[in-house]
Structures are given as structure tokens and as C-alpha cells.
1. What number of residues within region 169-213 are at pLDDT 95 or above and aromatic (Phe, Trp, Tyr)?
2. Just to confirm my filter: which strands (runs of 3 or more DSSP E) fall fully inside region 145-227 and include at least 1 residues that are open to solvent by less than 20 Å² (accessible area, probe 1.4 Å)?
3. What pairs can you find where one residue is in region 174-190 and under 20 Å from residue 144 (Cα atoms), the other is of a type in the set (Ser, Thr, Tyr) and outside any loop (DSSP other than H, G, I, E, B), and their Cβ atoms are less than 7 Å apart, with a gap of 6+ or different chains?
4. Do the conditions hold for residue 89, that is, is it in contact with a helix residue (DSSP H, G or I) (Cβ under 7 Å, 6 or more places away or on another chain) and either open to solvent by 30 Å² or more (accessible area, probe 1.4 Å) or modelled with pLDDT under 50 (or both)?
5. List, please: which pairs have Cβ atoms under 7 Å, are six or more places apart or on different chains, and start with a residue in region 69-81 that is within 16 Å of residue 18 (Cα to Cα) and at pLDDT 70 or above and end with one that is assigned to a loop (DSSP other than H, G, I, E, B) and not acidic (Asp, Glu)?
6. Considering each residue of region 33-73, count those that are open to solvent by 60 Å² or more (accessible area, probe 1.4 Å), aliphatic (A, V, I, L, M) and out of contact with any Pro (no Cβ under 7 Å at 6 or more places or on another chain), and give that number.
7. Can you list residue pairs whose Cβ atoms sit under 8 Å apart, with the first residue in region 142-153 being among the acidic types (Asp, Glu) and the second being outside any loop (DSSP other than H, G, I, E, B) and open to solvent by 60 Å² or more (accessible area, probe 1.4 Å)? Count only pairs 6 or more apart in sequence or on different chains.
8. Just to verify a result, which residue in region 18-32, among those that are within 18 Å of residue 46 (Cβ to Cβ) and open to solvent by 90 Å² or more (accessible area, probe 1.4 Å), is modelled with the lowest pLDDT?
Amino acid sequence: MIRNQSIYIGPTYKGLIQHQVFHNGIPENVYRLLQEVGPVQRLLIPVHLLPYIRKRSQIQGTQENIAINELMTGEVETNEKGVKNVLSSSYFDTPVPTKHINSDGRIVNPADSYDPEDGAQKVKIKVSALDVTLQNAASAAGNGTPFSPNDGNYTLTFEITGTSTSRTVMFELAGPSGQYMPVTSFSVTDPTKFGQQTSSGSDTAPESWQVVVPAGYSFRARIGAVSGGNVTIKGKAVG
């Protein structure tokens, strides 16, 4: 995902518009709003964390879900839940060579991860990305090859290319039942774009998407229709 960009995912509030994107910083009036209103700060996030935070916001009881409900119901008290040092928010930290994302989704320094008392490692260090092929030069409708992780949750980023002049690709996820159902994926290049299918993606105009695949689940990019050539869908998965 693109770094140094922020997107507001909460409901429109005091001039801050839902899905508004900020490049290389935020305006002074938005900064003041962040200082005064805690729920707003929880929902103005770096673009590269959009899939993760959007998923959390849909889970009842998470800080993001509570923040959205408070803003929608108007139960917000300014100058109480806001923070005066906005940049201290862990959301605005970014993984670098000396920092990694742990199993809770927090960015941490691996050097601080060893507990001398019990010898336990607190941080789940990212391993090398897995190569994933969902469709390989497919010239007809078909399910392709699903991605089915068993050793943990994975974030799958995939690209749609090919020579076809038209195509319809459906994003689907199956749980333990094995029944595939539509699942929402998120555009890598456009933080406001998401959906359960696409008709874009070719050699001349590739399209990249991202989805979280839980352990024990299977994700597939099923081709519903294709004409004038083929479709290839390959990507990388990081757990």
C-alpha cells in the first residue's frame, strides 16, 4: 500500500468527509480536530493499514467500531478523549528494517521482543512472502487454484494481468464448510476502491488487490467470463 498517505474511514464529521484522503500530512483544522476528538483519531489512518483497520472496524467492541458508533450517534465529547500529541499514535508508525508487525498487528522493534524471564519471544517476525498463482493464462471461465493457508492468517496481495479484452473476476472465500462466498477485496492503488469482483486488469493496465485470508480458509479469484485472450492472477502472501 502507498505510504505517507492517510484516509479517514469514519462517518462525515465537522467537515471531515468519509473516505477523504490526505497526501503528505494533514491540514491544520484536521490536526486540531484530532487533538480534541479521540474517535476521529482512531479513524484517520495510514493508507497502508486500510485493509487491517477496516476489518477491525467491523468487529463489535474494537476501538475502531466503538469510535464509528460514537460519531454516528453523536455521543462525542470533545477535549476529553482526544490526545494532545497526535503523532504518538501507533497508527502513524511505519514498518522499517528495524521494525516489524507482530501477531496482534502492532508495529514493534524485534530487539525488544525477548523476555529474559521466560525466554519467550513476544513478536511474530514476518517471514518471506509466498508466491501465489490463482489463475495462469486462463482463456476460459473457471475457478483457478485457491490459496489455502493452514499455519496462520495471511494478507494476500495479487495482480490481474493478461491479454484478454474483457474479463470478469470474482473474489470468493470458503471457510471450513468449503462453500465459497463473495468476499470484499481492496484496491492497492486506490484506497477508496473495494469490491467483490472486477472487470479490469490486463497486460497494458494491470490491477492489484489485497485481501486477508484466515487460517483454515480458502480464497480464490474465479473467472466468470473472459474473451479476446487470457487472464493471469499472481501475487504474494505474507503471514
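The values are calculated or read from the model by the stated rules, or taken from the named source; none is laboratory data. What you see is a predicted model; the values in this text were computed from it and never measured. Positions of Cβ are generated from backbone atoms using ideal geometry, with glycine treated the same way; all protein chains shown enter the neighbour counts. These area figures cover heavy atoms from the full protein model, side chains too; ligands, DNA and RNA do not enter into them. Shrake-Rupley method; radii C 1.70, N 1.55, O 1.52, S 1.80 Å.
1. 2
2. Here the list reads 154-161, 166-174, 185-187, 207-213, 218-227.
3. Correct list of pairs: 174/180; 174/218.
4. yes
5. Going by the 7 Å Cβ cut-off, the qualifying pairs are 70/76; 71/10; 71/11; 72/11.
6. 2
7. none
8. Looking at residues that are within 18 Å of residue 46 (Cβ to Cβ) and open to solvent by 90 Å² or more (accessible area, probe 1.4 Å), I get 24.
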